[in-house]
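Q: Next up is a structure, given as C-alpha cells.
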Amino acid sequence: MGRAFVYVILGGGVAAGYAALEFVKKGVSHGELCIISDEPVAPYERPALSKGFLLPEAAARLPSFHTCVGANEERLTPKWYKEHGIELVLGTGVKSADVKRKTLLTTTGETISYKILIVATGARALKLEEFGVSGSDAENVCYLRDIADANRLVNVMQSCPGGNAVVIGGGYIGMECVASLVINKINVTMVFPEAHCMARLFTPKIANYYEEYYKSRGVNFVKGTVLSSFDFDSNGKVTGVDLRDGTKLSVDMVVVGIGIRPNTGLFEGQLTLEKGGIKVNGMLQSSNSSVYAIGDVAAFPVKAFGETRRLEHVDSARKSAKHAVAAIMEPEKTGEFDYLPFFYSRVFTLSWQFYGDTVGEVVYYGDMSGSAFGAYWISKGHLVGAFLEGGTKEEYEAIAKATRLRPEIEDLTELERQGLKFAVTV
Ligand code: FAD
Ligand code: NAD
Ligand code: ISD
C-alpha cells in the first residue's frame, strides 16, 4: 500500500514551509507535492520558540507563527496547504529511505514514492548523555528544539515562579533562554565550558558586552567548566547541579542547549555526507540527482568563502529552500546558490546581526559601553564579515551590502575611524 508524488519534502520545519510556498509560486499542480513531518503541526517559524513563545504575557502561539511570516510572506495554515492541493502528512516519521527505488517508509507502514525528494530533516538537540551525564529525562530538565519542548519549558517555568534555573551551554539556545527566563522572573546561572559566551561567533570583546548586560539583569556566570552530574529528589526531580570544577548549584529547573546534530541517519551509506550534513552542489542537489537537501541538514558550497559549509540558521533554511525549488522547477533559469551567511539574535531589548565570516583581523567601532557598536572582519585585505548591535533597518542593510561587496581595505585605522559610516557609504 502506498502513495506516489512527483515531489516529496521530508521534514516539516522552516525549510519545508518556505519550499512549499515557492512550489506554489512556481505553479506546482494539485496532488503533485507531499510534505511528511513527524511534528504534529504544519511548518512554523522555529525562532519564535526561544523568543515570543516564552514571554510571560501575550506569548506567541500557533497558528500565529506558521511559516512564512518570519520573512513577511504569507502565513501557511493547514487550510492553505489543502487549498493548494499539497498533502500534509503530519505526526508521521519516516523510518527508512531507499534512494535507488525512490521510496520512503513511514512509521505508519506506508510506502511513499517520489520522483524528486527534498530532504529538510533539520537537526536534533544533543543530549547530556552523549557527554556522559545522565538525567535528561527528569521532569524539570528542558531542551528546546520543537513545539513540544517549548510547551514543556513553559510549564516547567510556570511551576517554579521566582525559582532558580541553571542553563547549560553558552550558545544561541543558552543566551536566548537565559533572557526569557529572566523576563519570567527566574534567577539564572549560566554554565559553559568556554572562556566567554557565543564562542563560535563572538570575539571576547563582543561577548563581554553581552555578559556585562546579562550580569546587570542578575545573571550569574560559571565559565570554563561543565556539568559532572545532577542530584535528584525521591521523585526523580533534579535538585542540584554538580560541576566539574567542584561548584554545586541548587536548582528548580535546568535548560540544556549544548548544540545539535543534523538528521542525516536515513541517508548514511546512500548519499555523500560532508561537515556532518548531506553534501549538495550549487543547485542544492545531492550525490543522487533525484535528491536535494536544504536547511540545517545541507552542506552547500558558500561561494564567497570558496568552501562547503553547513549553516544552522533560519535565513539559510529559507533561502536554500527557495533556491532548491527554483532549481527543480526552472532549471534553465536558475544559477548556482550564492548565499551570504546571515545570523541574528534578539535578547532583552538588545538585537544584533552578523553577515559573512569571522576570519582575519577585527576592527571595532561605536560605543561598546552604549547601545550601538559593531565590528568588521578583514581578511587578505578585504572586508569579509560585519557585526552590528543596536542598528536600524537601513544600517543592517548597509553592513549586509558592504560584506557582500567585499571591498578592499587598505587602512584599518581609517576603517575604525569611519566605523558604521564606511558600510553606509561603500
Ligand atoms: P527544522 O526547522 O528543524 O525542521 C526539520 C523538520 O524535519 C522538523 O519538523 C522535524 O521534526 C522533521 N523531521 C526530522 N526527521 C524526520 C523524519 N525522519 N521523519 C519525519 N520528519 C522528520 N536561527 C536564526 O537564524 N535565528 C534565530 O533567532 C533562531 N532561533 C532559533 C530558536 C530555536 C529554539 C531553535 C531550535 C532554532 C533557532 N534557529 C534560529 C535555527 C533555525 O530555526 C533553524 O536553522 C531552522 O529551523 C532550520 O530549518 P530546517 O527546516 O532545516 O530544520
Ligand atoms: P550552539 O552551537 O549555539 O551552542 C552550543 C553550546 O554548548 C556551546 O556554546 C557551548 O557553550 C556548549 N557546550 C558544548 N559542549 C558542552 C558540554 N559538554 N557541556 C556543556 N556545554 C557544552 O548550540 P545551541 O545553543 O544548542 O543551539 C542549537 C541550535 O539552534 C543551533 O543550530 C543554533 O544555531 C540554533 N539557534 C539559533 C538561534 C539564532 O540564530 N538566533 C537561536 C536559537 C537557536
Ligand atoms: O525570524 C523569525 C523570528 O525571529 C521570529 O520570532 O520568525 C519568527 C516570527 O517572526 C514569529 O512570528
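Q: When ILE328, ILE36 are ordered from fewest to most other Cβ atoms inside 10 Å of their Cβ, what list results?
A: Lowest count first: ILE328, ILE36.
Q: Would you please give the residues with an amide H less than 5 Å from that of LEU273, counting only those at least 5 places away or on a separate chain, with H modeled from the backbone geometry?
A: Sorted by chain and number, the residues that satisfy this are LYS279.
Q: How would you classify segment 150-266 from its alpha-carbon gyration tensor, with a ≥ b ≥ c the square roots of the eigenvalues: rounded for a/c under 1.5, else prolate if a/b is greater than b/c, otherwise oblate?
A: Rounded.
Q: Treat the count of other C-beta atoms within 10 Å as a stand-in for reagent exposure and order TRP80, TRP352 from fewest to most.
A: TRP80, TRP352
Q: Shifting gears a bit: Using the Cα gyration tensor of the chain, with a ≥ b ≥ c the square roots of its eigenvalues, what is the shape: rounded (a/c below 1.5), prolate (a/b larger than b/c) or oblate (neither)?
A: Oblate shape, in that a/c is at least 1.5 and b/c is the bigger or equal ratio.
Q: So if each residue of separation counts as 0.36 nm, and I subtract the Cα-Cα distance between ALA199 and ILE183, what length gain in nm does that give?
A: Length gained between ALA199 and ILE183: 3.4 nm.
Q: Please check: in the Gaussian network model of the chain (C-alpha springs, under 10 Å), which one of VAL156, VAL133, VAL325 has the largest mean-square fluctuation.
A: Comparing VAL156, VAL133, VAL325 in a Gaussian network model of the chain, the most mobile one is VAL133.
Q: What distance in nm lies between label points placed 7 Å from Cα along the C-beta direction at SER229 and ARG61?
A: 4.1 nm
Q: If the chain between GLU212 and GLU110 were fully stretched, how many nm would it gain, using 0.36 nm times the residue separation less the Cα-Cα distance?
A: Length gained, GLU212 through GLU110: 31.3 nm.
Q: Give the long-range amide H neighbours of SER229: residues separated by 5 or more places, or on another chain, with amide H under 5 Å away, using H modelled in the peptide plane at 1.01 Å from N.
A: Result for SER229 returns ASP242.
Q: Another question, then. Sort segment 29-121 into rounded, prolate or oblate with this rule: let a ≥ b ≥ c be the square roots of the eigenvalues of the Cα gyration tensor; rounded if a/c is under 1.5, and if a/c is not under 1.5, prolate when a/b is larger than b/c, oblate otherwise.
A: Judged from the Cα gyration tensor, segment 29-121 comes out prolate (a/c at least 1.5, a/b above b/c).
Q: Now for a separate question. Compute, for segment 302-346, the length of the dipole vector about the Cα centre, with Cβ point charges of +1 (Lys, Arg) and -1 (Asp, Glu) only. Units Debye, rounded to 20.
A: Around 220 debye, computed over segment 302-346.
Q: Continuing with this model, one more query. Quickly estimate the mean residue ellipticity at 222 nm for the chain, helices only: each DSSP H run with n ≥ 4 gives -39500 (n - 2.57), and the total goes over all residues, rounded to 500.
A: -7000 deg cm²/dmol
Q: For ASN72 and LEU405 in one chain, what is 0.36 nm times their gap in residues minus the Cα-Cα distance, to one decimal in nm?
A: Gain on stretching ASN72 to LEU405: 117.3 nm.
Q: Net charge within 11 Å of GLY31 by Cβ-Cβ distance, Lys/Arg positive one each and Asp/Glu negative one each, not counting GLY31 itself?
A: Around GLY31, the charge tally is -1.
Q: Something else about it: For VAL255, which sequence-distant residues (separation of 5 or more, or a different chain) have an amide H within less than 5 Å of its own amide H, given hydrogens modelled in the peptide plane?
A: CYS142, VAL166, VAL167, ILE168
Q: Just to check I understand the Karplus step: with θ = phi - 60° and J = 6.51 cos²θ - 1.76 cosθ + 1.60, what whole-Hz values come out for segment 319-331, glycine and proline as x?
A: Couplings: 6, 5, 4, 4, 5, 4, 5, 4, 5, 6, 8, 9, x Hz.
Q: Pick out, from LEU350, ILE258, GLY12, the residue whose Cα sits farthest towards the positive end of the charge dipole of the chain, with +1 on the Cβ of Lys and Arg and -1 on the Cβ of Asp and Glu.
A: GLY12
Q: Provide the per-residue ³J(HN,Hα) series for segment 101-117, in order, calculated from phi with Karplus coefficients 6.51, -1.76, 1.60 and θ = phi - 60°, each as a whole number of Hz, with x at glycine and proline positions.
A: Karplus values, whole Hz, x for Gly and Pro: 7, 6, 9, 10, 10, 8, 5, 8, x, 8, 9, 10, 9, 9, 8, 10, 10.
Q: Further, regarding this structure: Using +1 at the C-beta of Lys and Arg and -1 at the C-beta of Asp and Glu, which of THR108, PHE65, LEU128 has the Cα lying farthest in the positive direction of the dipole of segment 53-137?
A: Towards the positive end, the residue furthest out is THR108.
Q: Looking at the chain only, what percent of DSSP beta bridges run antiparallel? Nearest 5 please.
A: The answer is about 60 percent antiparallel.
Q: In whole Hz and in residue order, list the ³J(HN,Hα) couplings for segment 217-232 that follow from phi through the Karplus curve 6.51 cos²θ - 1.76 cosθ + 1.60, θ = phi - 60°; x for Gly and Pro.
A: Running phi through 6.51 cos²θ - 1.76 cosθ + 1.60 with θ = phi - 60° gives 9, x, 6, 9, 10, 10, 10, x, 8, 10, 5, 10, 6, 10, 9, 10 Hz.
Just so you know, all these numbers are worked out from the coordinates, no wet-lab data involved. Since the model is a prediction, treat every value here as computed from it, not as a measurement. Please note: Cβ atoms are built from the backbone with ideal geometry, for glycine as well, and neighbour counts cover all protein chains shown.
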